[in-house]
Amino acid sequence: MSLRAIAWQSPCVLNMHKEIASSLSLLAMTCLFLLCCTSCTTKSAYLFTSFHEPANEGLRMLYSYDAYHWTDMNHIFLKPEAGDAKIMRDPSMVQGPDGTFHLVWTTGWKGDQGFGYASSKDLVNWSPQQHINIMATEPTTVNVWAPEIFYDDEAKQYIIIWASTVPFRFPKGQEDENNNHRLYYTTTTDFKTFAPAKLFLDPGFSVIDAQILKRSHEDYVLVMKDNTRPNRNILVAFGANPLGPYRNYSKRFTEPFSEGPNAVKAGKNWLIYYDSYRLKKYGAMQTTDFKTFKDVSNQVIIPEGHKHGTILKVSRKMLDQLRKSIGH
C-alpha cells in the first residue's frame, strides 16, 4: 500500500476531512437560510397609482417589490364621483405620517376649476369624495390638470401642485391661449381648509405634470413636462425649498410626446417613469444625480393600459394585506 493511501486512511486525516465536510455543509445551509430569510422578510414594496382610458372607471394600482417589474392588481379601488365629468385622471397619492393615504386627481378636461380628493387608511375603505374648487378665485381658469401631492416633512404640511391655464396671463409663444399652462399650488394640514391658490412656477414656457422630490434638507428636484409645441418632453430643475424657487433647468431628456413623469428611489438610483404616448409605451430613465440619464425602458415591465399616476413606497405587510383583501 502506498504512503498516500496509508495517510488517507489514518484516523487523524479521516476526522479532518469529516470536519471540513461538516463545516462546508453548515456554511452552505447557513447561506441558504439567510437567502431565504432575506427573500421572505423584504420589508418594503411599491404601489403605482393608475387609470385606464377613457378615465371613467376609477383608481387602479400596480405593485412591485423592486420598482422595476410591475403587476396590475386588476381592481377598481375607487370609482370617481367628484366633479361634473365623473372621471379620474392622473391619480396622485401620498401616505401621511399617521398612515392615512391621501389621493388627489384630475376631475375634468376643461371647464373644471378644481380637483378630486379622498382619503383611506387601508386603500379599501375610502372617505366621501370631495371636489376642491381651488381656482374659483380665477373665474377664467380653463382647467386644473394633474394635481400632484407632496408631504413636506419639515413644514409638516401637504403641498398640492397642478397645471392651469388662465388666458392672457402669460406670454403664450406658439401655444393656443387656452393651452398655455403654468403651475399653481395650495397647502393644507388637514384637508378641510386649503390655502388660497398661488403661482408655483412660471418657467417662461407652458408646463404641466410636475412632481416634487426631496433628496435631503434644502435639496429638492422638480420633475416636469415642457408642454410647448416644439418639445413636449421631460426635464428637471433644482431648489432649496419644496415651494421653490427652482433654477438650473436641465436639458429635455426624453423623446418628444412624453408626459406624466413620476420618479422613485430604488437603491442608489432614481427611476423616472414617463408615458411616451405617441409611441404607446411606458419609458423609464435612470439617474443618480439628475444630470445624466440612462434609458432603462427595456429593463422595466409595465402592464398594458396603465396610465400615469404616482409611485409610493409602502410596507410589505401593507401590500400583502391589500392583495388579500381584494383576492389577488
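The values are calculated or read from the model by the stated rules, or taken from the named source; none is laboratory data. Small disclaimer: the values here were computed from a predicted structure and weren't measured. Cβ sites come from the backbone with ideal geometry, for glycine too, and all protein chains shown count toward neighbours.
So here's what we get for this one:
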read-out: Top-ranked residue of the range 274-306 - restricted to ones that are in contact (Cβ under 8 Å) with a residue 24 or more places away in the chain and in contact with a Gly (Cβ under 7 Å, 6 or more places away or on another chain), ranked as farthest from His52 (Cα to Cα); value: Tyr274
read-out: Hits in the range 82-109 (condition: surrounded by fewer than 18 Cβ atoms within 10 Å (Cβ to Cβ) and in contact with a His (Cβ under 7 Å, 6 or more places away or on another chain)); value: Gly96
read-out: Unique residue being among the hydroxyl-bearing types (Ser, Thr, Tyr) and surrounded by 13 or more Cβ atoms within 10 Å (Cβ to Cβ) when the list is Thr186, Thr288, Thr193; value: Thr186
read-out: Of all residues making up the range 150-185, the number that are of a type in the set (Gly, Ala, Ser) and assigned to a strand (DSSP E or B); value: 2
read-out: Yes/no for Phe191 being touching a Gly at 6+ places or on another chain (Cβ under 8 Å) and among the aromatic types (Phe, Trp, Tyr); value: no
read-out: The range 190-207 - residue that is outside any loop (DSSP other than H, G, I, E, B) and over 22 Å from the mean Cα position of the chain (by Cα) and, of those, nearest to Asp176 (Cα to Cα); value: Leu199
read-out: Selection within the range 204-222 - surrounded by 14 or more Cβ atoms within 10 Å (Cβ to Cβ) and more than 18 Å from Val144 (Cα to Cα); value: Leu213, Lys214, Tyr220, Val221, Leu222
read-out: Test: residue in the range 133-149 that is out of contact with any Ser or Thr (no Cβ under 8 Å at 6 or more places or on another chain) and not in a loop (DSSP other than H, G, I, E, B); value: no
read-out: The range 84-108: number of residues that are within 22 Å of the chain's Cα centre (by Cα), within 21 Å of His306 (Cα to Cα) and not in a strand (DSSP E or B); value: 4
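Okay, residues lined up against (1) hydrophobic (A, V, I, L, M, F, W, C); (2) at pLDDT below 95; (3) farther than 15 Å from Asp90 by Cβ; (4) loosely packed, with under 11 Cβ neighbours inside 10 Å:
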position: Cys31; (1), (2), (3), (4): yes, yes, yes, yes
position: Gly58; (1), (2), (3), (4): no, no, no, no
position: Met61; (1), (2), (3), (4): yes, no, no, no
position: Ser64; (1), (2), (3), (4): no, no, yes, no
